[in-house]
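In what follows, a single structure is set out as structure tokens and then discussed.
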Amino acid sequence: MINSSSASIFRILEVKYVTPVTLFQLDTIWNASAPHCTVARKIFPQAHSAAGGKALYLRLILYPPGREAALRGAPAGADQTLTLGQFISSAPLLRAGIAAAAFLLTAWSQWLAPAGARFADEWLRDRFIALRAVATPESRILVVDIDESSLAQYPWPWRARLADLIELLLADGARGVALDILQEKPADAGGDARMVMLARHGPVVLAQLFDFARQPQPLHGGVLAGGVPAASAAGVPAYGYLANHAELAQAAVYTGNIGVVPDPDGTLRWVPMYATFGGKSYPTLARALFDCCAGGAPLAMPPGPLRIPYRRAWSAYNAASAAEVLERKLDPAQVAGKLVLIGSSALSIGDRLATPLGASTAGLLVHAAVLDTLLERQAGHAPAPWPGRWLALLFCGATVALVSYTLARRSAAANVLLLAACSAVWLALAYVIVPHDDDFSSAGPLLSNLFLLAIAVPFHWQLAQQKSRQLLGTLRQYVAKEVVDELLRSDLKDPLKPKQLQVTTLIADMEGYTTHVESLPVEEAARLTTAFLDCLTRPVLEMHGTLDKYTGDGLVAFWGAPLPIADHADLALDAAQSILREVRRMSALRVSEGKAPLRVRIGIESGLAMAGDYGTAFRSIYTAVGDSVNTASRLEQAARDFPHDVIIGAGTVARATRHRFRALGEQRLRGKEKSALLYTLEEA
């Protein structure tokens, strides 16, 4: 490889004497190995004395501005920008992978996510439950609360008073009474005897508590009552219990479990409808009261945990303090026909739980919510089951398809807004679906959207930036930096797309190039070519022209594309004058060294042309095509018939405002049917 020492963007790649067959092979290899560089070659049919009858072949590599150093430092046959090409070519596969990953995230969240990974889903569902909770009064249930004021009037223990409460409630027409209070040890004999009688003969459900956590020392307090032989997987396994004292347990006909299993975050969302222990199955307190006293059609339910829908706000439940009942201040109409739950909200004897409706809720109200759910199901008011998981997956698929389409066609900000809109739509849909499916992940599609936001949007933004940089790199091969900057400020869409524009084309060539180089050593011929092309190119770029191509010892440039320029004709004429000055200085220097002078021929014409990026998927070039471009080429060729270096067409003369011209008469240009009026610059 022979390189010139000039700092210009032109470098001599090689100079060889080759046969036509070898020339074809060299062109084929070069086009495949360096598609991002422009190549010009010149063949001199005159045989060199040392060439053995072969033609002289001179090939130039024309580095794009800003990339010369990188390309020169690369290994032979390598182009460092191929990394970008490989990146862009792999983009469809990466896009498909990102879309598939987003879709699979939702699928994973619906069917495979462990319980500990569903915190966001449960949090979102809690918000929906709180929003949906209605204040419509529940008329079938009465909650009797041994609250702080009742304990202030009647200090604990309450064994006899519990019997009083139950007797008064049943006397007022309660359908059944359930106690959310354990009586693990005997107390006063009279009160215990009355409770035994009520448990044996009345519609009374006693409480017993099962422990669902494995303990080093399992709980075993009191005597278990009730229970039926447990079928396989007929409930939630328990590992310990606290029950009532033996006499009361033996008398009990109905018992219900008051033990619960909060989620890992401490919130109670599920209740075990049946607990299994010692080979028997025991119902929860609300289920036992329902089975005992609700009446109506039997209700079949799965034995596993029930997600509590918390469909009513706490204020919707009819509640009375125990003191009101004991003092006969409660209207019997508020009791008649109701299922009654007795418990305590007092911190000293009651239990407090976190629920979706509050951070500290009396356990008594949780049992009321479960009982309300059972009654609603029996009445046929339970929400119909929906395939929430499949709806979530379908929505995710639609979102991924939509976003995959827009990512490559819209800005990053627009895609972020689209993802936000899709998330809002899903939140609305999930709000509707939540009551119909206890198991689906409401946060799954949001997780996929977050993935798209964090991965897909930045990826496509980076891809757009890469393409923009490639576009700029392509533009800067042909266009002055100032034109590129203005093109960026103009924010044109697809600036390289072919479009019809008014342009002025300048075509320049060295007269007698073959004569100048045929007797020169190869290295000197290379230096001459590089220096001459410098003289042509610098004025074009200084005058904001677009470099179309090199023609071995000349070039083609135009003004007016890719950005329209009002004074494109004058700028081309300015560049021609500057080229003449550059070539004259170079020629004078050669003459002073005893070498032959140089002359440049320039043809200029203005008119309509189609300017844009032309080519194939393998290689393209930004160029202008049209009659005015062809005419400029014919004018450059016609300059050999005149003593003037610049020949100008009528189209340029009509559009120029800052130059004076001299008419040269009419002449029929090669390939044209009619004669054309030719001009040259007055200054030239």
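Scanning the range 352-368 for residues that are buried (at least 21 other Cβ atoms within 10 Å of the Cβ), among the small types (Gly, Ala, Ser) and in contact with a Ser or Thr (Cβ under 8 Å, 6 or more places away or on another chain) gives a single hit, 362.
Take the residues in the range 436-453 that are hydrophobic (A, V, I, L, M, F, W, C) and under 18 Å from residue 410 (Cβ atoms), then tell me which one is surrounded by the most Cβ atoms within 10 Å (Cβ to Cβ). Can you show your working first?
If we filter the range 436-453 for residues that are hydrophobic (A, V, I, L, M, F, W, C), which is where we start, we get 440, 443, 446-447, 450-453.
Still in the list and also under 18 Å from residue 410 (Cβ atoms): 452-453.
Details: 452: 28, 453: 18.
Applying the filter and picking the extreme gives 452.
Of the residues making up the range 637-675, those that are more than 13 Å from residue 604 (Cα to Cα) and among the small types (Gly, Ala, Ser) are 663, 665, 671, 675.
Residues being on the phi > 0 side of the Ramachandran plot and touching a Gly at 6+ places or on another chain (Cβ under 9 Å): count how many of those fall in the range 245-278.
So the count comes out to 1.
Here the range 161-206 is the region considered, the condition is being among the small types (Gly, Ala, Ser), assigned to a helix (DSSP H, G or I) and at pLDDT 95 or above, and the residue that is nearest to residue 226 (Cα to Cα) is 199.
When the range 543-581 is limited to residues that are surrounded by 19 or more Cβ atoms within 10 Å (Cβ to Cβ) and acidic (Asp, Glu), the one that is nearest to residue 515 (Cα to Cα) turns out to be 553. The set of residues from the range 558-580 being under 43 Å from the mean Cα position of the chain (by Cα) and within 19 Å of residue 639 (Cβ to Cβ) comprises just one member, 558.
Residue-wise test of (1) touching a His at 6+ places or on another chain (Cβ under 8 Å); (2) among the aromatic types (Phe, Trp, Tyr); (3) under 16 Å from residue 374 (Cβ atoms); (4) buried (at least 18 other Cβ atoms within 10 Å of the Cβ).
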site: 268; (1), (2), (3), (4): no, no, no, yes
site: 286; (1), (2), (3), (4): yes, no, yes, yes
site: 290; (1), (2), (3), (4): no, yes, yes, yes
site: 294; (1), (2), (3), (4): no, no, yes, yes
site: 297; (1), (2), (3), (4): no, no, yes, no
site: 300; (1), (2), (3), (4): no, no, yes, no
site: 325; (1), (2), (3), (4): no, no, no, yes
site: 330; (1), (2), (3), (4): no, no, no, yes
site: 341; (1), (2), (3), (4): yes, no, yes, yes
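When residues in the range 324-346 are screened for being in a loop (DSSP other than H, G, I, E, B) and either free of Cβ contacts under 8 Å to residues at least 60 places away in the same chain or in contact with a helix residue (DSSP H, G or I) (Cβ under 8 Å, 6 or more places away or on another chain) (or both), 9 of them pass.
Note on the range 593-604: residues that are modelled with pLDDT of 95 or more and either more than 21 Å from residue 641 (Cβ to Cβ) or not assigned by TED's automatic domain parsing to the domain that holds residue 638 (or both) amount to 0.
I want to confirm something. Restricting to the range 302-323 and keeping residues that are in contact with a Leu (Cβ under 8 Å, 6 or more places away or on another chain) and assigned to a loop (DSSP other than H, G, I, E, B), which single residue is farthest from residue 253 (Cα to Cα)?
So the first thing to find is which residues in the range 302-323 are in contact with a Leu (Cβ under 8 Å, 6 or more places away or on another chain), and the list is 308, 310, 313-314, 317-320, 322.
Checking the rest, the ones that are also assigned to a loop (DSSP other than H, G, I, E, B) come to 308, 310, 313.
Values: 308: 26, 310: 29, 313: 32 Å.
Restricting to residues being in contact with a Leu (Cβ under 8 Å, 6 or more places away or on another chain) and assigned to a loop (DSSP other than H, G, I, E, B), the top hit is 313.
If we scan the range 208-215, do we find a residue that is of a type in the set (Gly, Ala, Ser), in a loop (DSSP other than H, G, I, E, B) and under 27 Å from residue 166 (Cβ atoms)?
The first filter runs over the range 208-215 and keeps only residues of a type in the set (Gly, Ala, Ser), leaving 213.
Checking the rest, the ones that are also in a loop (DSSP other than H, G, I, E, B) come to 213.
If we keep only those that are under 27 Å from residue 166 (Cβ atoms) too, we end up with none.
No, there is no match, as no residue in the range 208-215 is of a type in the set (Gly, Ala, Ser), in a loop (DSSP other than H, G, I, E, B) and under 27 Å from residue 166 (Cβ atoms).
In the range 214-263, of all residues being polar (S, T, N, Q) and crowded, with 18+ Cβ neighbours inside 10 Å, the one that is nearest to residue 194 (Cα to Cα) corresponds to 244.
Screening residue 112 with (1) crowded, with 16+ Cβ neighbours inside 10 Å; (2) out of contact with any Phe, Trp or Tyr (no Cβ under 8 Å at 6 or more places or on another chain); (3) at pLDDT 90 or above gives one miss only, at (1). Of everything in the range 593-625 that is among the β-branched types (Val, Ile, Thr) and buried (at least 21 other Cβ atoms within 10 Å of the Cβ), the residue that is farthest from residue 516 (Cα to Cα) is 623.
Condition check for residue 345 on (1) over 30 Å from residue 115 (Cα atoms); (2) at pLDDT 95 or above: one failure, at (2).
The values are calculated or read from the model by the stated rules, or taken from the named source; none is laboratory data. Computed from a prediction, not measured in an experiment: that's the story for all the values here. Methodologically, a virtual Cβ is constructed for each residue, glycine included, from the backbone with ideal geometry; neighbour enumeration extends over all protein chains shown.
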